[in-house]
Amino acid sequence: SVPRCYLNKQLATVWVVKGKPAELSCTVSKDDVTGTWFKDGLKLTSMQGVVFEKKGLVHKLIINKAEDIHAGKYRFEGGDVKTEASIFVEDPPQVDKVLLKNLTSVPTVAKAGQVVKLRIPFEGRLPIRATWFKDKTELVDNTRIRLDKTDTHTMLSIPSCERKDCGDYKVRLKNDSGVLEINLKLVVIDKPQPPAGRIKIVQSSANDITIQWQPPKDDGGKPVQRYIVERQQVGKNGWETLGETPRSCTTFTTNKVEEDTSYYFRVRAVNVEGMSDALESDEVKAIGKASPGAPDPPEIVSSIKDTITISWKAPRKTGTSQIVGYIVQKRKKGTMTWLPVTNGPVKDKKLKVTNLKKGLQYEFRVAAVNAAGTGDASDPSQPVFAQDPTKSPGQVQELKVSSCDSTSVTLTWNRPEVKDGNEVKSYEVEMRPSHSSSWTKCLTLPAEATTGTVKGLQPKEKYFLRVRALNDSGPGEATELEAFMEAAAPVVPPRLLIDDTVKNLLVIRAGNPIRVNIPFE
């Protein structure tokens, strides 16, 4: 539509977008009246882009394509008519229509690790403010994303894109004349994540083993094409490829097994971008169907001096005959060798293990026995010390930051209060960035330590740090604080400070010492 102002009706203001037409008109009482147009008090006889028109009693001033020069106060005088109106030329942010269609209709696709640059050239009255958003959250410059703006364009740059950069982006261009919002979509493709969850053993027999897995939670932006299944015999090096399955099949059966032999299995997902990391199974034993299954890990009932009492439940799969007892084994934590606790099967599902070395930490496992033989052993129990029960240590006191630079922070604290033998054996320092919910252990310190330095942090980042005391009963409650890394100091190359005092020619008698001082900073 063309903005029109009928001056006789006192519509005294016209708003027109730059580049669009506009029209002023006035009706006089007699046909022979010769009207005159004025702009900002000056008589108009001609003007670039303006046409004067008279049809009967109606006098018109027509602007074909409004520009900044057309803004101002206009007046018409003719006969007994004298009236005026103002034209304001708006110049909101604009983007080329073809470019705008290309940006908004087709997602921007990049491979992981590539450079991504989203450049939006624009026109409009300055100053124009540009704001970028991702998934409705405003973006700012950081170590991964850079935002640039000039008077003619704005650009978002990601030097090495990742899957987490996928999403809906929006750039908002705003000036005093209006707002333009452009919606963009970025898709980053990569190799898939490993299959999800754990590898489930559907069936294990003397003849075959069937495994099952879940598809990866993230396929990398491209459909999974197939899965590769590999196997390794326990105690041997090297993995053997067993075969592949199509994307629709997440189970695999192999008959290349030997009875009473244990294996590891692993599965990888494959798409057009490559192969995922492997999801690896626990140890799987090929045994006859008549043997019992593995019980759940034993539970620790009590620990006193050199005696630990454990209990367990019968396995869910008992085999084809009745369970006659259980084989109980022990090992010191950190060792690989399992030793029998008794000379033969134990009929009860509870056992008091004696003659242990006080102060050592032990693990236990059990295996059910029936007429067909001994079944798979359970997973190990939780480690437990052979000693009188103790309490976990209390919280460390007065945790604070003693010093901090751009990449490291030094913490100090006071020891927890000792009560009822809950003495500290060590300290554990953990940290997490403010944008993450996962804690990472970064230091383990001896009991006498009350200070620790966490290194390798990122400049201008906020971190949460916590310290907890540990003893034989486990970790105590953590004490937490917040730290902000300073900006990194500029890196300056070395410079020689050579002046007239440094000689550039030395004449030395053979056998005499030479000493040359070269100052630098």
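One table, with the values for the structure above:
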quantity	calculated
Net +/- balance of residues flanking THR241 in space, Cβ distance below 9 Å, scoring K and R +1, D and E -1	-2
The stretch 225-383: relative contact order as a whole-number percent, Cα under 8 Å and 6+ apart	21
Selection from LEU186, MET155, PHE464 lying farthest towards where the dipole of the chain points positive, charges on Cβ	LEU186
Rel. contact order, % - alpha carbon contacts under 8 angstrom, at least six apart, the stretch 7-90	42
The chain, accessible surface, carbon-and-sulfur percent (1.4 angstrom probe)	49
Positive dipole terminus of the stretch 359-411, leading residue within GLY375, PHE385, SER406 (C-beta point charges)	PHE385
Label selected from [x] 40.3, 130; [y] 24.4, 76; [z] 28.4, 82, the criterion being Rg and Dmax of the Cα atoms in Å as computed here	[x]
Above-threshold pairs, the threshold being 32 Å between Cα atoms, out of LYS352/LYS419; LYS60/LYS170; LYS18/LYS54	LYS60/LYS170
Per-residue SASA entry for LEU103, accessible area with 1.4 Å probe, Å² rounded to 10	30
Pairs of Lys in the stretch 301-342 closer than 18 Å at Cα, counting only those 8 or more apart or on different chains	4
Surface accessible to a 1.4 Å probe, MET155 within the full protein complex, Å²	30
Sorted largest first, extent of the stretch 326-402 alpha carbons per principal axis (Å)	66, 24, 21
Protection proxy ranking of 60-67, 337-344 - average other beta-carbon atoms within 10 Å, highest first	60-67, 337-344
Mean separation of Cα contacts under 8 Å (6+ apart) over length of the stretch 200-286, as relative contact order %	35
For the stretch 146-185 versus the stretch 444-470, the gap between their alpha-carbon centres in whole angstrom	38
Where trypsin sites (Lys or Arg not before Pro) fall in DSSP loop in the stretch 397-453, at most 11 other Cβ within 10 Å	LYS419
Rounded to 5, the percent of DSSP beta bridges in the stretch 97-189 classed as antiparallel	85
Spherically averaged projected area of the stretch 200-286 from its Cα convex hull (nm²)	5.5
Dipole magnitude (debye, nearest 20) for the chain, charges at Cβ of Lys, Arg, Asp, Glu	600
222 nm mean residue ellipticity, helices alone, for the chain (DSSP H n ≥ 4; -39,500 (n - 2.57); rounded to 500)	-500 deg cm²/dmol
Three-way shape call for the stretch 88-213 based on the alpha-carbon gyration tensor, with the a/c threshold at 1.5	prolate
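The values are calculated or read from the model by the stated rules, or taken from the named source; none is laboratory data. Please read all numbers here as calculations on a predicted model, not as lab measurements. Positions of Cβ are generated from backbone atoms using ideal geometry, with glycine treated the same way; all protein chains shown enter the neighbour counts. These accessible areas exclude ligands, DNA and RNA; they are computed on the full protein's heavy atoms, side chains included. Shrake-Rupley method; radii C 1.70, N 1.55, O 1.52, S 1.80 Å.
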